[in-house]
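Trainee: The structure is given below, and queries will be raised subsequently.
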């Protein structure tokens, strides 16, 4: 089951292992390891230099106190939050599945913020704010307030909830040593995508041929058999995506001149490239739908993250 509440505060307090003159190095590492930090910075129009300046004003002594405050209260705090989510699951709409609460350390200026993503909303609760205001707020009440604010103002999004569950399952597959080969992993991924998303009617991988680097070869897939087992770069939507090294979304395949028809049922298509760690294209995720305009930017972002997981494991 997906975890609704996650604690990322330990990663921040690594700052205490850095000399103050190297806090810019720490922040760069922290930002790169925590994908939600950069969107927070963009939301507030902050650059790295400004962030480090704010942290230095807070100071090492205060951050050290914040660390020990965390050590003293975190076990009880987590227990209270989990209890609250369990006891008041209906009120907090836990089962809607399109949000999660991340406890992080940012700049201590806002109690919580909402970050939209392809798989739902991340409710970012700033632990530094909790510490700096510890004498006047109850941390559990603050988290409950943040969740209630979200669930009462933002409509439920089943599609993003499905993406959240799917992404977690695919991550599990990627890290599961029982899957020995990329073919096994890719087969399980296409099965999961096809099972969970009802408008993903044909799901497959095309991989760059080992000998001919301008040729795509059909890999694991789920759906009706296709005659297009080998596609030249530039040919059809898959070939165009390979040549351009970018994702393609086609809302209506009947209006696409350079289109290779796999099935008369297909109405729309999305193709997302997979790259190796050097930036070379090594394959694609290709999905057809029986609905027109089935795919949007959330599908694209979701599948690009799936492609990155494959790169991480195999390329």
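Trainee: Give the residue, chosen from 35, 31, that is part of a loop (DSSP other than H, G, I, E, B), within 22 Å of the chain's Cα centre (by Cα) and at negative phi. Give the steps one after another, and end with the answer.
Mentor: Numbers: 31 fails: part of a loop (DSSP other than H, G, I, E, B).
Every option except 35 fails the conditions.
Trainee: When the residues of the range 215-233 are narrowed to those that are part of a loop (DSSP other than H, G, I, E, B) and exposed (fewer than 14 other Cβ atoms within 10 Å of the Cβ), which ends up farthest from the chain's Cα centre (by Cα)? Write out each step before concluding.
Mentor: Going through the range 215-233, the residues part of a loop (DSSP other than H, G, I, E, B) turn out to be 223-229, 233.
Now narrow it down to the ones that are exposed (fewer than 14 other Cβ atoms within 10 Å of the Cβ): 224-225, 227, 229.
On the way: 224: 29, 225: 31, 227: 33, 229: 31 Å.
Among those residues, the one meeting the criterion is 227.
Residues checked against (1) closer than 30 Å to residue 158 by Cβ; (2) touching a strand residue (DSSP E or B) at 6+ places or on another chain (Cβ under 8 Å); (3) exposed (fewer than 13 other Cβ atoms within 10 Å of the Cβ):
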site: 37; (1), (2), (3): yes, yes, no
site: 47; (1), (2), (3): no, no, yes
site: 60; (1), (2), (3): no, no, no
site: 88; (1), (2), (3): yes, no, no
site: 94; (1), (2), (3): yes, no, no
site: 97; (1), (2), (3): yes, yes, no
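Trainee: Something else: Working only within the range 265-297, note down all residues that are in contact with a helix residue (DSSP H, G or I) (Cβ under 7 Å, 6 or more places away or on another chain), more than 19 Å from residue 187 (Cβ to Cβ) and in contact (Cβ under 8 Å) with a residue 40 or more places away in the chain.
Mentor: Passing the criteria: 266, 275, 281.
Trainee: Now for a separate question. Please pick out the residue among 150, 114 that is at pLDDT 95 or above, under 23 Å from the mean Cα position of the chain (by Cα) and in a helix (DSSP H, G or I). Step through it out loud before you land on a result.
Mentor: Details: 114 fails: in a helix (DSSP H, G or I).
Just a single option satisfies the conditions, and that option is 150.
Trainee: Return a yes/no flag: does the range 177-185 have any residue that is without any contact (Cβ under 8 Å) to a residue 24 or more places away in the chain, touching a helix residue (DSSP H, G or I) at 6+ places or on another chain (Cβ under 8 Å) and either under 30 Å from residue 227 (Cα atoms) or part of a loop (DSSP other than H, G, I, E, B) (or both).
Mentor: Of the residues in the range 177-185, the ones without any contact (Cβ under 8 Å) to a residue 24 or more places away in the chain are 177-181, 184.
When the remaining residues are screened for being touching a helix residue (DSSP H, G or I) at 6+ places or on another chain (Cβ under 8 Å), the result is 179.
With either under 30 Å from residue 227 (Cα atoms) or part of a loop (DSSP other than H, G, I, E, B) (or both) added as a condition, the list becomes 179.
Yes, because at least one residue in the range 177-185 is without any contact (Cβ under 8 Å) to a residue 24 or more places away in the chain, touching a helix residue (DSSP H, G or I) at 6+ places or on another chain (Cβ under 8 Å) and either under 30 Å from residue 227 (Cα atoms) or part of a loop (DSSP other than H, G, I, E, B) (or both).
Trainee: Another one. Is it the case, given these coordinates, that residue 40 is outside any helix (DSSP H, G or I) and either touching a residue at least 12 places away in the same chain (Cβ under 8 Å) or more than 20 Å from residue 15 (Cα to Cα) (or both)?
Mentor: Numbers: outside any helix (DSSP H, G or I): no; either touching a residue at least 12 places away in the same chain (Cβ under 8 Å) or more than 20 Å from residue 15 (Cα to Cα) (or both): yes.
Taking the combined requirement at face value, the residue does not satisfy it.
Trainee: May I pose another question? Tell me the residue from 17, 9 that is farther than 30 Å from residue 196 by Cα and surrounded by 15 or more Cβ atoms within 10 Å (Cβ to Cβ), please. Steps first, answer last, please.
Mentor: Working: 17 fails: surrounded by 15 or more Cβ atoms within 10 Å (Cβ to Cβ).
Only one candidate qualifies: 9.
Trainee: Ok, one more. Please go through the range 194-205 and give me each residue that is in contact with a helix residue (DSSP H, G or I) (Cβ under 7 Å, 6 or more places away or on another chain) and part of a helix (DSSP H, G or I), ordered by number.
Mentor: Taking the range 194-205 as the starting set, the residues that turn out to be in contact with a helix residue (DSSP H, G or I) (Cβ under 7 Å, 6 or more places away or on another chain) are 196-197, 200, 203-205.
The answer is 196, and nothing else.
Trainee: Only one of these conditions is not met by residue 169: (1) surrounded by fewer than 19 Cβ atoms within 10 Å (Cβ to Cβ); (2) assigned to a helix (DSSP H, G or I); (3) out of contact with any helix residue (DSSP H, G or I) (no Cβ under 6 Å at 6 or more places or on another chain). Which number is it?
Mentor: The single condition residue 169 does not satisfy is (3).
Trainee: While we're here: Do we have residue 102 as closer than 19 Å to residue 71 by Cα, free of Cβ contacts under 8 Å to residues at least 60 places away in the same chain and either not assigned by TED's automatic domain parsing to the domain that holds residue 197 or not in a strand (DSSP E or B) (or both) here? Please lay out each step first, then the result.
Mentor: On the way: closer than 19 Å to residue 71 by Cα: yes; free of Cβ contacts under 8 Å to residues at least 60 places away in the same chain: no; either not assigned by TED's automatic domain parsing to the domain that holds residue 197 or not in a strand (DSSP E or B) (or both): yes.
No: the conditions fail for residue 102.
The values are calculated or read from the model by the stated rules, or taken from the named source; none is laboratory data. Just so we're clear, the structure is a prediction, and the values are computed from it rather than from any experiment. Cβ atoms come from the backbone with ideal geometry, glycine included; neighbour counts cover every protein chain shown.
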